[in-house]
1. Considering only strands (runs of 3 or more DSSP E) fully contained in the stretch B:1-88, which possess at least 3 residues that are within 11 Å of another protein chain (Cβ to nearest Cβ)?
2. Counting only residues that are touching a residue at least 40 places away in the same chain (Cβ under 8 Å) and within 10 Å of chain A (Cβ to nearest Cβ), how many does the stretch B:113-126 have?
3. Give the residues of the stretch A:350-378 that are surrounded by 15 or more Cβ atoms within 10 Å (Cβ to Cβ) and not in a strand (DSSP E or B), sorted by residue number.
4. Looking only at the stretch A:450-464, which residues are buried (at least 17 other Cβ atoms within 10 Å of the Cβ) and out of contact with any Lys or Arg (no Cβ under 6 Å at 6 or more places or on another chain)?
5. Name the residue that is nearest to the other protein chains (Cβ to nearest Cβ), counting only residues in the stretch B:130-160 that are buried (at least 18 other Cβ atoms within 10 Å of the Cβ) and of a type in the set (S, T, N, Q).
6. From the list A:Q502, A:Q495, which residue is closer than 30 Å to A:L157 by Cα, assigned to a strand (DSSP E or B) and not aliphatic (A, V, I, L, M)?
7. Do we find that B:V169 is more than 13 Å from the chain's Cα centre (by Cα) and in a helix (DSSP H, G or I) in this structure?
8. Given (1) touching a residue at least 60 places away in the same chain (Cβ under 8 Å); (2) assigned by TED's automatic domain parsing to the domain that holds A:T302; (3) surrounded by fewer than 16 Cβ atoms within 10 Å (Cβ to Cβ); (4) among the hydrophobic types (A, V, I, L, M, F, W, C), where does A:W280 come up short, assuming only one miss?
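The values are calculated or read from the model by the stated rules, or taken from the named source; none is laboratory data. A quick note: this is a predicted structure, and the numbers were derived from the prediction, not measured. Heads up, the Cβs are rebuilt from the backbone with ideal geometry, glycines too, and the neighbour counts pull from every protein chain shown.
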Amino acid sequence: MDDRKCECGHTNPVGTMLCESCGKPLDSRQQLTAETAKEFPDMRYEGMARRSQTYSKTVIDKIWNFFSSVKIAIYLIIITLIASAVGTIFPQQQYIPVPVYTEPEIENFYTSTYGTLGKIYYLLGFHNLYSSWWFVTLLVMIGTSLVICSLDRIIPLYKALNKPRLNQHESFLKGQKIYGSMELQEDKHDLFPRAAEELKKKGYRIYQEGNSLMGEKARFSRWGPYVNHIGLIIFLLGVLLRNLPGFYMNEYVWVREGQTVAISGTPYYIKNEQYTTEYWKEDEMPEKLDLQGGVIPKSYQTDAVLYVNKNKSLPGAEPDLQEVARGPIVVNHPLEYEDLLVYQSGVQEMQLGALNFQLIDTKAGNTPVGSVKLDLFETKPEQQVADGIKVRVLDYYPDFFLDASGKPATKTNVPNNPMFALEITSDKEPVKEKLVYLRGSIITEKQDQRYTLQIVKPDLIDISGLLVRKDKAMPIIYFGAFIVILGLVMGFYWQHRRIWLQRNGDTLHLAAHTNKNWFGIRKEVDHLVEKLELVMLIEQKKK
Amino acid sequence: MDKKNRTYIRIIILGVLLVALIFAIYSSVVKDPGVVKAGDEAPNFSLQQLNGSNVKLTDLRGKGVVLNFWGTWCEPCKTEMPALQKQYEALKDKGLVVVGVNIGETEVAVDPFVKSLGVQFPILMDRKSDVTKLYKIGQIPASYFIDEDGVVRDIFVGQMSEEFIADKVAKILP
């Protein structure tokens, strides 16, 4: 006899465990009796054939079958976990201290720092693991397996649950974990209506046909895991979308007070009008702390203006800026404009911004003639100090040092140690004097110069570190995460409960199934037995 | 659902997943699509020349251009400058332009520096580092050898010798 043909006459697809029509266990090796009921098929997929088990003929079917296996999914996850762990043994390429990333340099770093293991690590490509083609392939394969495993199970499950089966085969009922039966002595006509009423009170939906009744509750909780998986897939898609141009941007810019900086990759410019750190005052603190003269910051704030460059066609050309947004940026409260978010994320305070001097005329009793300002970032080549008197910058080294040949040079382009060579000229008198500012002192060219500079308090500025972020995929990622939670809640907080009552001749069968919380359904079954005054021993098998 | 339909649906689903795979691999392996590579057209820009007017890169079409990104704090940049100057002097009548792009420094720092080295080729002041960001410059000196049609023929990061420059320049002369 064909295995697939049930004694009720229904032909089931290959792999079916419980007849689609009558619910009788189908595996011919199992002749089900009450004693061997432990081998009753798993109810997880209602005894339906998984779709991939049904046919396996073409290449497409074979690929499909491969991904439909949960075992394969678990192997994929384990391989990915191991690979991810291996990637943390030595630092990834982007974190190694190599000045220029050329292949020989990188190889040399791993070999010389970590020896033979390092060389193997490099040769196998583990130094670029997380963006390697095979790692990405593994991730996509997990995604694929997620989609196909879900589809392969949800469709037959839906079919099985959508049309609740009544008039089950006796062995189906006997095979259930909660089962009881009794002989009906007298004709109890009101038994089923009463049972229906009791079950309805408990929130069950009633299906009835002839001598068979089923109460069902919270079927939707069976969809929980699948909803959860759909959420995960949406989440993964969102992450993948970030790679599309224009979807994701993460730029860090340092902006001095008063400076306007282009945000690279966008037509936007950002200006730092003012930066302030606010500190907790002593009377604001709940208890007296001994801070030993220290302070605790309360907030970091940049007052910023966001501009859009209307002349964006040509980089480097004078930008035509138009203000689009303005406001304070505080930690966790970014400046928002369309899909652009600007976060406060760093600061360098009290940096030298400009040096200030008073020009002194030594021939006129050291009287101040006028003030000189040397901006360290936007240095003016020449400035008029007083009537006819000019100060000209001859040389400027922002980070002064003497190079190998003993000549003045600059170490960086950051004004950590500014050095200026200046020339003072006067129209009225033939004066042309030179002097140098270095490390807080003035060195004059000649001993008895007429003009010299007196140092006054420099301009100190704060440099604010702003993180500019654009993430159009974020709503999709949040939506995916929401669906994941929804699926988890559906699956965890409700249980799909079914209670069958069936009368075959003089015997009344009662069986119950739930996908979790057997204690809960047992209580409802006991309640039903009590209300219906049934003399019935309910057995609960351990599986 | 008959078998044929099911196969089609499976093909469609597997196809979509395959596209996702290709896209994921492409976007992770091809790291930075914005980076200027040899063979690309050099991105156009306009910058103010030191003590001079604006210069557009496209204005230099028809000439071989060496675009050299540098800063006064960069020792190798300083060392290779005379070699660049020599090539410029020797070949400027044959259609070579050397363009130094200074990264974000002030005129008062750049002008004396350039003068002391005897550099005569045009120096462009990238005050806001717009062009430096456009070319995604990391290490300097970085030199782009651009031919008469505005196509980048070669890129070199690091200090160059005179012979090296001469060799590269020969390939971009009109």
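1. In the stretch B:1-88, B:46-49, B:54-56 are the strands (runs of 3 or more DSSP E) which contain 3 or more residues that are within 11 Å of another protein chain (Cβ to nearest Cβ).
2. Within the stretch B:113-126, residues that are touching a residue at least 40 places away in the same chain (Cβ under 8 Å) and within 10 Å of chain A (Cβ to nearest Cβ) number 4.
3. Answer for the stretch A:350-378, where residues must be surrounded by 15 or more Cβ atoms within 10 Å (Cβ to Cβ) and not in a strand (DSSP E or B): A:L376, A:F377.
4. A:Y451, A:T452, A:L453, A:P458, A:D462, A:S464, listed by residue number.
5. If we take residues in the stretch B:130-160 being buried (at least 18 other Cβ atoms within 10 Å of the Cβ) and of a type in the set (S, T, N, Q), then B:T132 is nearest to the other protein chains (Cβ to nearest Cβ).
6. Sole residue among the options that is closer than 30 Å to A:L157 by Cα, assigned to a strand (DSSP E or B) and not aliphatic (A, V, I, L, M): A:Q502.
7. Spelling it out, B:V169 is indeed more than 13 Å from the chain's Cα centre (by Cα) and in a helix (DSSP H, G or I).
8. (1)
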